[in-house]
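Colleague: So that we are looking at the same thing, I have put the structure below in structure tokens.
The values are calculated or read from the model by the stated rules, or taken from the named source; none is laboratory data. Note that the coordinates shown come from a computational prediction; the quantities given were computed from them, not determined experimentally. Ideal geometry is used to build each Cβ from the backbone, glycine not excepted, and the neighbour counts take in all protein chains shown.
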Amino acid sequence: MNIEQVRQAYASVAELYIELFGTSQQVHADDLAFIGRHLAGRPGTVLDLGCGPGHITGYLRSLGVDATGIDMVPEFIAHARANHPSAEFHLGSMERLDVADHSIAGILAWYSLIHLPPQDLDGMLAEFRRAMAPSGTIVLGLFDGDEVDAFDHKVVTAYRWPVDAISERLTRAGFTEVERHRRPSDGTHRPLAAIAAVATDR
């Protein structure tokens with residue numbers, strides 16, 4: 001599964017996706033609290049990578065965060081710009097961030113790494129670490145599982161990860177975990193997890 005296939009898959013369902021997930025009111029309150037706790041109240045730019053319709057970028061902006069949304073789906077970026085005019089949104093890929101080294105205060109990758117083949121995760125985290133300022137914070141949302149494995153996501157193939165394995169990969173990339181949150185399946189949603197980590201000195 002490559003980036004272009006993922007982009008095409010989301011573009012084909014963009015209107016439905018926006019309807020189902022396009023406002024912060026459709027995000028679990030615990031998730032918004034976790035995101036705000038780790039990314040609000042810090043100077044500098046926070047990148048919302050894979051921002052989709054821009055709803056969480058808008059939420060961060062409401063908390064006073066200098067948040068910029070980036071997504072590779074033009075339909076999402078158009079919707080985000082129309083609905084959150086005070087925020088910046090850019091069409092682009094998180095594989096190669098168009099920012100200077102150590103210039104970003106925070107990164108939110110909220111379920112935006114779920115389609116990444118496991119062998120590509122270390123390279124992606126290395127790019128995030130390159131962009132991150134000293135003591136910058138990364139917040140990830142992911143599908144929780146006992147092992148790394150693929151499953152048939154409604155849009156396109158996705159991967160579950162054990163939280164410990166993600167924490168180990170973050171450590172390898174130069175981050176230190178500061179908090180994790182797990183939410184078991186409720187019969188409707190799969191087990192979910194969030195993890196926050198801070199860039200460490202090298």
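Colleague: Applying the selection to segment 91-109, what residues are under 10 Å from Leu49 (Cα atoms) and hydroxyl-bearing (Ser, Thr, Tyr)?
Modeller: Correct list: Ser93 only.
Colleague: Does segment 131-148 contain any residue that is surrounded by 14 or more Cβ atoms within 10 Å (Cβ to Cβ) and assigned to a loop (DSSP other than H, G, I, E, B)?
Modeller: Within segment 131-148, one or more residues are surrounded by 14 or more Cβ atoms within 10 Å (Cβ to Cβ) and assigned to a loop (DSSP other than H, G, I, E, B).
Colleague: For Leu47, are the conditions met, namely being buried (at least 24 other Cβ atoms within 10 Å of the Cβ), under 25 Å from Arg180 (Cα atoms), in contact with a helix residue (DSSP H, G or I) (Cβ under 7 Å, 6 or more places away or on another chain) and of a type in the set (A, V, I, L, M)?
Modeller: No.
Colleague: Also: Looking for whichever is more than 29 Å from Pro162 (Cβ to Cβ), of a type in the set (Ser, Thr, Tyr) and modelled with pLDDT under 95 here; the options are Ser86, Ser112. Which one fits?
Modeller: Exactly one residue qualifies, and that residue is Ser86.
Colleague: Among Ile70, Ile107, Ile77, which is surrounded by 21 or more Cβ atoms within 10 Å (Cβ to Cβ), among the aliphatic types (A, V, I, L, M) and assigned to a helix (DSSP H, G or I)?
Modeller: Residue meeting the stated conditions: Ile77.
Colleague: I'd like to check something: does segment 97-116 contain any residue that is under 16 Å from Leu140 (Cα atoms) and aromatic (Phe, Trp, Tyr)?
Modeller: Yes, there is a match, as at least one residue in segment 97-116 is under 16 Å from Leu140 (Cα atoms) and aromatic (Phe, Trp, Tyr).
Colleague: While we're on this one: For Pro117, state whether it is more than 17 Å from Glu95 (Cα to Cα) and surrounded by fewer than 19 Cβ atoms within 10 Å (Cβ to Cβ).
Modeller: Judged against the criteria, Pro117 is not a match.
Colleague: Moving on to the next point. Name the residues in segment 166-191 that are assigned to a strand (DSSP E or B), modelled with pLDDT of 95 or more and of a type in the set (Lys, Arg), would you?
Modeller: Arg180 - this is the single residue of segment 166-191 that is assigned to a strand (DSSP E or B), modelled with pLDDT of 95 or more and of a type in the set (Lys, Arg).
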